[in-house]
Amino acid sequence: MQWDALQPPRWVGLQNFQTMLTDPRWYNALYNTAYLSFLSVPAQLTVAFLFALMLNEKLRAMPTFRTIFYLPSQTPLVATAFLWNWIYHPDFGLANALLSAVGLPTQNWLFDLQLAKPSLILITIWSGIGVPMIIFLAGLQGVPQSLYEAASIEGAGPVKVFFYITLPLLTPVIFFNLVMQMVQAFQEFNGPYIITQGGPLKATYLLPLYIYDEAFKKFHMGYASAIAWVLFLIIMV
């Protein structure tokens, strides 16, 4: 369907999908989305799991530490964007200040073609570990203590206990977090839109940004809907 939101829609068959297959911006956005999703989600879940293991210890003031580690996920997205724009600022940002302090060359971060995507991944990890961390923590606290006591009696060390008790019993939790975070990663819009707007040179141009530009900047509603359907099928798979 071809529709500009102003005139009546016109049926064009599969023309939108044919246009998509010949549009280099589609392949660039698909590659960037897959790159960020398949790298950021495993890293995010790994960090969240390690933090959950640490926060599962019975120590004084542990609820305070849990709150501190969970807070980034509750920070408003606009505030997060301004915070990381300041951290990554090439002239007076905290990241370059730390590099200068240890004698390393400064970087352009979000303005560098090679560093823009890794920089966004770091932002995603920082702002997104809170929810999976809490779910991991709930899973860890649901493991029966009797199993750990039995393993201790049998002389099992911490490594065996982790790989033969903790990890297998957390498999459903890991799978749930993996699916939910992957779905969220493929729909990532706010961060790249506010922080990089798809730049530099479309290095962080993701599928949701592509859909937004086609629908609300160019008013290609039919084409944007076709892209959204393909994204829906990818997420469903």
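The values are calculated or read from the model by the stated rules, or taken from the named source; none is laboratory data. This one's a predicted model, so the numbers in the text were calculated from it and none came from an experiment. Cβ atoms come from the backbone with ideal geometry, glycine included; neighbour counts cover every protein chain shown. Side chains are part of the model used for accessible areas, which takes the heavy atoms of the whole protein and leaves out ligands, DNA and RNA. Shrake-Rupley method; radii C 1.70, N 1.55, O 1.52, S 1.80 Å.
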Restricting the range 35-69 to residues that are open to solvent by less than 30 Å² (accessible area, probe 1.4 Å) and small (Gly, Ala, Ser), the residue that is nearest to Lys202 (Cα to Cα): Ser37
Top-ranked residue of the range 104-119 - restricted to ones that are without any contact (Cβ under 8 Å) to a residue 40 or more places away in the chain and aliphatic (A, V, I, L, M), ranked as nearest to Leu36 (Cα to Cα): Leu115
Near pairs, Cβ below 9 angstrom, 6+ apart or cross-chain, from the range 49-60 (closer than 19 Å to Leu169 by Cβ and without any contact (Cβ under 8 Å) to a residue 12 or more places away in the chain) to any residue that is open to solvent by 90 Å² or more (accessible area, probe 1.4 Å) and outside any loop (DSSP other than H, G, I, E, B): Met54/Phe65
Of the criteria (1) assigned to a helix (DSSP H, G or I); (2) among the basic types (Lys, Arg); (3) surrounded by fewer than 17 Cβ atoms within 10 Å (Cβ to Cβ), which one Lys117 fails: (3)
Yes/no for Gly198 being part of a loop (DSSP other than H, G, I, E, B), at positive phi, open to solvent by 20 Å² or more (accessible area, probe 1.4 Å) and free of Cβ contacts under 8 Å to residues at least 40 places away in the same chain: no
Among residues of the range 13-43, those that are in contact with a helix residue (DSSP H, G or I) (Cβ under 7 Å, 6 or more places away or on another chain), closer than 19 Å to Ser127 by Cα and not polar (S, T, N, Q), counted: 5
Subset of the range 201-210 (residues that are surrounded by fewer than 21 Cβ atoms within 10 Å (Cβ to Cβ) and assigned to a helix (DSSP H, G or I)): Pro208
Verdict on Gly191 being touching a strand residue (DSSP E or B) at 6+ places or on another chain (Cβ under 8 Å), crowded, with 19+ Cβ neighbours inside 10 Å and of a type outside the set (A, V, I, L, M, F, W, C): no
Residue within the range 150-173 that is among the polar types (S, T, N, Q), open to solvent by 30 Å² or more (accessible area, probe 1.4 Å), closer than 30 Å to Leu55 by Cα and outside any helix (DSSP H, G or I) present: no
Residue match in the range 176-184 (condition: touching a residue at least 12 places away in the same chain (Cβ under 8 Å), open to solvent by less than 60 Å² (accessible area, probe 1.4 Å) and closer than 28 Å to Gln7 by Cβ): no
Filtered residue count, the range 84-101, keeping only those that are open to solvent by 50 Å² or more (accessible area, probe 1.4 Å), of a type in the set (Phe, Trp, Tyr) and not in a loop (DSSP other than H, G, I, E, B): 1
